[in-house]
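Structure record follows, encoded as structure tokens.
The values are calculated or read from the model by the stated rules, or taken from the named source; none is laboratory data. As the structure is a computational prediction, the values presented were derived from the model and not from experiment. Note that we place each Cβ from the backbone using ideal geometry, even for glycine, and neighbour counts take in every protein chain shown.
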Amino acid sequence: MPLLTSFRPLLRVTARLAGVALAAVALLAPASTQAVNPADPSKVLRYIFIAAETGFDPAIARDLYSAHVVQSVFETLFTYDYMARPAAIVPQTAEALPEVSPDGKTYTIRLKKGITFYPDPAFNGKKRELTMADYVYSYKRLFDPKLASPHTWLFEGKIKGLDAMAAEAKKSGKFDYDAKVEGFELLDKYTLRIHLTQPDFNLGMILAHEPTSAMAREVVEKYRDGFGQVMANPVGTGAYHLTQWVRGSKIVLEANPEFRGLVWDFKAGTDPDDQAIMASMKGKKLPQIGRIEIYVIVEDQARWLAFQDDQIDLFQLEGALAQKALEHGKLRPELAAKGVHLSRIVDPELSYYYWNMKDPVTGGLTKEKIALRRAISMAHNVQEDIDIVWKGEAVALDYPIPPGVVGYDPDFKSSIPYDRAAANLLLDKFGYKKGKDGFRMTPDGKPLTITYTARAEASGQEQLEVWRKTYNAIGIRMKGDRKVFAELLKAEKNCQLESRTSPWVADYPDGDNFMQLFYGPNTGQNNNGCVQIPEYDKLYAQSQMLPAGPERDVLYHKMTRIMEIYSAQKMGYARYRNMLAQPRVIGYKKHPILHAEWLYLDIDKSARKVDSK
């Protein structure tokens, strides 16, 4: 394939296509603007997505790749300290961290003055200042029934009057954005007081999550499609704006001329790498990098060749590629000698296996359906999955909260063992008899087949092979299904996948962000297995009333045991995130929550390899 032989032709062809795509994006730079953004247009960072993006509406996008762009173009009230570990909340557009009432039900937040949106035609050539009304409008959008946001859960049941407003919109067929909501009290254009129905100890982190970014109403009304979505025309107050987009191929971000600029002023730990970053970056005006070029390259070998050929500056190793660059978790000497830098963390991620609880074959709470799912759980070798699919670059998990996230319990042990002999006996006991061909039938005598869906790429094929081995070991036919990422996400949201390995990377570093994955009312949003277990849902609601600590941990343990009893899902693993940076990339350190760290980086443009072809 051409992509495997040379990366330079891809860059040239994509650049030509991007010129055509720009007209559709409809983003126009003003004729004359006094630039305040300190970025150098000649500093370019080239990056790779391993799967295609879906679009850039903060209220709609729910994939990691689109989130990189959303986080660069838009801004939330709060963000995370780039260097702090564990992750720490800091103000972004807010003046300071919120003032919280003693009962934890009232948050008062003040906005920095003078922040302006990118000068888009939606504003009729005028400068448009960000106000708290933009945030209120954006929060309301998450509840517009027509929009069908997958992020409604962030505020659901929490903001006084917001759920009632959404319920009324469902009845009338129209969402009234001008109606007042008791929970959003605008004291003035720069001050918002949020009134909660109950204490929410994660609200600060939720307000740092990109779906709560500020969108301007004028932009939505100018560019929205028939569903009310603005996936192709992101206009925000962030350091970058979108200038080129060839779907599933190339994305270009350039410095927003109206961005106010920041100064690199973070505290570094005692780690020598941290100290080196601070020495090279402290006091620099941000952003330094004027242009971000993102290429979508699905094939492992093509990504590796692009990095080796110095066509990519920052690169994620995944699966088989880790073996090419790492040795016992360390950078291979030949790469280290070239000055290549490795930033390696265990992602705050849970990859878990689920069986669709709405599916007629795998779903249901009857004893025989529970026995089917539990037997499959017992038959699957998680470590083998890690070794074959991810080449050892993951850690097995028994608990739904991964390392690095508040609430993680390293001592928790699953009550469901890996035991294929016992799994077969369990299926025999509950009527899943084998036919003459050696494959099992359902208790009512019909052929038993389960479909497993994976991404249409090399790791997806390996997942299919590992799971086929699992199902063969217990006499169940498996049908393999491969889908492109965007198609897979759409089907999953609509409860149309029977079984899958589903990865979830933390939106915010608290256990609540993982326990909500299995909460019944979140079906159609983040509850990919469409599971609704009343005992679990009741305990989850109770946990929402508690701060992180021993009392909440007790509930989380009970909830995890309930999950094991019904076996609608099985815990899998958290993968290592290995990021390689070329020597010219200055200041890079993988952040556990932030996706797009390029705001905090610099490029030594004199060290770039010249393309003479």
For the stretch 248-284, what are the residues that are closer than 30 Å to residue 298 by Cβ and modelled with pLDDT of 95 or more?
249, 250, 251, 252, 253, 254, 255, 256
Restricting the stretch 108-133 to residues that are in contact with a Gly (Cβ under 8 Å, 6 or more places away or on another chain) and not acidic (Asp, Glu), which is farthest from residue 205 (Cα to Cα)?
119
Lone qualifier among 584, 561, 552, 577 - being in contact (Cβ under 8 Å) with a residue 40 or more places away in the chain, more than 27 Å from residue 327 (Cα to Cα) and surrounded by 18 or more Cβ atoms within 10 Å (Cβ to Cβ)
552
Can you tell me which residue within the stretch 110-163, out of those that are assigned to a helix (DSSP H, G or I) and of a type in the set (Lys, Arg), is farthest from residue 193 (Cα to Cα)?
141
Please work out if residue 586 is among the aliphatic types (A, V, I, L, M), over 24 Å from the mean Cα position of the chain (by Cα) and farther than 30 Å from residue 362 by Cα.
yes
Which condition number does residue 547 fail, the rest of (1) within 21 Å of the chain's Cα centre (by Cα); (2) not in a helix (DSSP H, G or I) being met?
(1)
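Hey, does the stretch 477-485 have a residue that's within 19 Å of residue 60 (Cα to Cα), out of contact with any Lys or Arg (no Cβ under 7 Å at 6 or more places or on another chain) and buried (at least 19 other Cβ atoms within 10 Å of the Cβ)? Working first, answer last.
First, the residues of the stretch 477-485 that are within 19 Å of residue 60 (Cα to Cα): 484-485.
Checking the rest, the ones that are also out of contact with any Lys or Arg (no Cβ under 7 Å at 6 or more places or on another chain) come to 484.
In the following step, the residues that additionally are buried (at least 19 other Cβ atoms within 10 Å of the Cβ) were identified as none.
There is no residue in the stretch 477-485 that is within 19 Å of residue 60 (Cα to Cα), out of contact with any Lys or Arg (no Cβ under 7 Å at 6 or more places or on another chain) and buried (at least 19 other Cβ atoms within 10 Å of the Cβ).
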Do any residues in the stretch 471-488 that are of a type in the set (Lys, Arg) have Cβ atoms under 9 Å from those of residues that are assigned to a strand (DSSP E or B) and surrounded by fewer than 18 Cβ atoms within 10 Å (Cβ to Cβ), where the two are at least six apart or on different chains, and which pairs are they?
477/447; 477/449; 479/449; 479/451
Within the stretch 384-496, which helices (runs of 4 or more DSSP H) (wholly inside it) include 1 or more residues that are out of contact with any Pro (no Cβ under 6 Å at 6 or more places or on another chain) and of a type in the set (Ser, Thr, Tyr)?
458-473
Per-region count, the stretch 594-613, residues crowded, with 22+ Cβ neighbours inside 10 Å and in a loop (DSSP other than H, G, I, E, B)
2
Does residue 18 satisfy the condition of being modelled with pLDDT under 50, crowded, with 17+ Cβ neighbours inside 10 Å and either touching a strand residue (DSSP E or B) at 6+ places or on another chain (Cβ under 9 Å) or not in a loop (DSSP other than H, G, I, E, B) (or both)?
yes
